[in-house]
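Down below is the structure, laid out as structure tokens.
Only the coordinates and a few stated rules stand behind these numbers; no lab work does. Since this is a predicted model, take the numbers as computed values, not measurements. Glycine gets a Cβ as well: all are built from the backbone with ideal geometry, and neighbour counts include every protein chain shown.
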Amino acid sequence: MPLAEIFLLIYLGNLIGYYFTLALAAFAGLVGMLAALREFRKNLQALKQKIRKGALPTQEFINLTGVLAASVLLLTPGFITDTMGFLLFVPAVRTAWGRWVLSKTRTDLKELYEYLKLEES
């Protein structure tokens, strides 16, 4: 992945100019991080509301996992990782990816829910 990012940055630098390419990469990362912060706050609020109601917030856990992954990808310099990060803002992609991650990590959401419920008190 790093080699592909470097190749793409050099290619675009030759095509449209190095300074413009770096500015474009920085701008994409900044816009992405602002969007990720907004999404994180929104999903965290939804998680808290669901916990207060006493319901298991499975979808909220999945959404937060996707937003955190998007944030990491957007912080990584490069256009490929930024594209992958922006794709995680699409709800269908984020849900599919979050469910896949949860299936691979075998995270027990019920246990996490009980922990958060105790912390909320």
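Residues considered: GLY13, GLY66, GLY78. Largest GNM mean-square fluctuation over the chain, using C-alpha springs under 10 Å, is found at GLY13.
Extent of region 1-81 along its three principal axes (Cα atoms, max minus min coordinate, largest first): 56, 21, 12 Å. Extending 7 Å from Cα along the Cβ direction at THR76 and again at LYS53 yields two label points whose distance is 3.5 nm.
Here the relative contact order of the chain, from alpha carbon pairs under 8 Å that lie six or more residues apart, stands at 26 percent. Summing charges over all other residues whose Cβ lies under 13 Å from the Cβ of ALA36, with Lys and Arg as +1 and Asp and Glu as -1, gives +2. Among LYS50, LYS104, LYS42, the largest mean-square fluctuation in a Gaussian network model of the chain (Cα springs under 10 Å) belongs to LYS104.
Taking each full run of DSSP H in the chain as one helix, which ones are at least 15 Å long along their axis (Cα atoms) and have mean Kyte-Doolittle hydropathy of at least -0.5? Write down the numbers at each step before the final one.
Working: long enough: 2-16 (21 Å, 1.79); 18-53 (52 Å, 0.31); 58-75 (26 Å, 1.40); 91-105 (21 Å, -0.21); 109-120 (16 Å, -0.77).
The answer, listed by residue number, is 2-16, 18-53, 58-75, 91-105.
Mean residue ellipticity at 222 nm, helices only, the chain: -29000 deg cm²/dmol; runs of at least 4 DSSP H residues each add -39,500 (n - 2.57), and the sum is divided by the number of residues.
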